[in-house]
Amino acid sequence: MEQRRTSLFENGLIWFGAAVSIAEIMTGTYFAPLGFTKGLLAIVTGHVIGCVLLFLAGVMGGKTGKSAMETSKMSFGSKGGLLFAALNIIQLVGWTAIMIFDGALAADGIFNIGSRIWCVIIGMLIVVWVLIGIKNLGRVNTVAMAALFVLTVILSFVIFEKGGGLNICGEGMSFGAAVELSVAMPLSWLPLISDYTREAKKPVKATAVSAVTYGAVSCWMYIIGMGAAIFTEASDIAQIMLKAGLGIAGLLIVVFSTVTTTFLDAYSAGVSAQSLFSRVNSRYVAVAVTVIGMLGAVFLPLYDITEFLYFIGSVFAPMIAVQIADFYLLKKNSESRSFNILNLGVWLAGFIIYRLLMRADIIIGNTLLDMVITLLLCIAVNKIGEKYAKR
């Protein structure tokens with residue numbers, strides 16, 4: 001039987017759901033000190049950078065029919081790629097816990113029954129999404145996305161009707177730091193996008209739809225958060241919802257946006273697990289990741305995720321840079337080898353460079369610069385390696 005392929009519309013829905021997220025709205029509140037105009041420029045600049053990279057990463061999976069972590073084996077070797085599959089599962093478990101934790105806090109701020117109870121409710125809803133499966137969500141996902149779209153439009157109108165003064169400024173982060181924060185969200189999806197584009201009927205078009213949809217809606221979420229912080233003078237998402245007059249509607253936005261976004265993390269953790277153990281059932285792993293994340297959200301104080309975000313950037317930005325160099329420029333495939341030592345060394349160099357760049361304030365953020373340096377280093381090292389191999 002021929003495997004069912006996802007349509008452009010279905011891919012668009014998946015990435016709409018990924019972008020409509022409490023985490024993105026909350027991140028947007030940090031841009032308020034820049035003022036609306038400067039903050040908007042930082043948001044758009046960061047998302048253009050991030051979504052171009054997202055597109056390049058997604059095309060790799062779409063054209064080869066491989067999952068995100070399977071494509072990593074093309075650059076790092078059949079065993080070398082397992083390192084990134086393991087690291088990806090770790091970051092996805094972390095994201096699952098963080099998203100449930102943030103969603104539960106916000107939901108409890110609107111309807112107080114206890115944040116731990118909300119953790120369990122949200123966790124169980126994610127399990128339901130996982131069990132339905134990405135190929136069978138169909139009408140359920142369409143209805144959920146339509147409801148989220150309507151509610152988010154209402155939230156936008158209510159917030160932006162609150163006032164003028166669009167250029168309120170204050171002391172806060174630099175423009176470069178704001179761009180880096182804007183790049184952070186698209187970057188977090190780089191190790192996942194191929195898990196979805198590999199099943200598309202039209203891989204390149206589906207990847208373009210995915211990246212554009214995610215980029216546009218993610219910018220929208222950031223702008224909602226920034227606008228809310230400026231106009232309502234609140235950074236707490238629950239207070240923003242309440243000040244906007246959204247009671248039950250706000251609660252629905254919080255709960256279902258958390259579910260539709262976190263579902264993708266759990267699903268991709270299952271797919272990545274198959275790179276480590278081919279016989280494992282990805283759906284069962286996704287359920288297990290959701291349960292572990294839910295327990296983490298219940299018992300751990302996940303308020304400060306700064307170091308976690310830096311971990312994601314330092315690991316996956318140089319990884320994708322090496323893959324882009326190999327796939328698009330060098331046109332090499334190391335899948336038949338156990339380890340590609342040269343590329344693993346380049347990745348390690350990119351990791352160290354990222355950590356060093358964190359100390360500097362760069363106007364375009366440090367992710368793009370790190371990836372450019374890593375990509376050029378990858379090309380140079382491989383060209384030199386080829387010359388020595390011919391001697």
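The values are calculated or read from the model by the stated rules, or taken from the named source; none is laboratory data. None of these values were measured; they are calculated from a predicted model. Glycine gets a Cβ as well: all are built from the backbone with ideal geometry, and neighbour counts include every protein chain shown.
For the reader, a short list of remarks on this structure follows.
- Flag for G215 being within 21 Å of L40 (Cα to Cα), modelled with pLDDT of 80 or more and out of contact with any Cys (no Cβ under 7 Å at 6 or more places or on another chain): no
- From the list A288, A249, A297, the lone residue that is surrounded by fewer than 23 Cβ atoms within 10 Å (Cβ to Cβ) and under 25 Å from I224 (Cβ atoms) is A249.
- Only one of the listed residues (T152, T96) is assigned to a helix (DSSP H, G or I), modelled with pLDDT of 85 or more and among the polar types (S, T, N, Q). That residue is T96.
- Comparison of T374, T367 shows that the only residue that is outside any loop (DSSP other than H, G, I, E, B), among the polar types (S, T, N, Q) and over 23 Å from I98 (Cα atoms) is T374.
- Top-ranked residue in the stretch 219-240 [being surrounded by 24 or more Cβ atoms within 10 Å (Cβ to Cβ) and at pLDDT below 70; ranked as farthest from E180 (Cα to Cα)]: I240
- Candidates V20, V44 - the one that is under 26 Å from M371 (Cα atoms) and in contact with a helix residue (DSSP H, G or I) (Cβ under 8 Å, 6 or more places away or on another chain): V44
- Answer from G46, G61 - the residue that is surrounded by 24 or more Cβ atoms within 10 Å (Cβ to Cβ), within 23 Å of L181 (Cβ to Cβ), under 17 Å from the mean Cα position of the chain (by Cα) and not hydroxyl-bearing (S, T, Y): G46
- Some residue of the stretch 35-53 being closer than 30 Å to A106 by Cβ, among the hydrophobic types (A, V, I, L, M, F, W, C) and assigned to a loop (DSSP other than H, G, I, E, B): no
- Residues satisfying the stated conditions in the stretch 98-123, i.e. farther than 15 Å from G296 by Cβ and either crowded, with 16+ Cβ neighbours inside 10 Å or not β-branched (V, I, T) (or both): A106, A107, D108, G109, I110, F111, N112, G114, I121
- So K243, is it among the charged types (D, E, K, R), surrounded by fewer than 24 Cβ atoms within 10 Å (Cβ to Cβ) and at pLDDT 75 or above: no
- Search result, residues across the stretch 346-378 that are more than 21 Å from I49 (Cα to Cα) and either surrounded by 14 or more Cβ atoms within 10 Å (Cβ to Cβ) or modelled with pLDDT under 90 (or both): V346, A349
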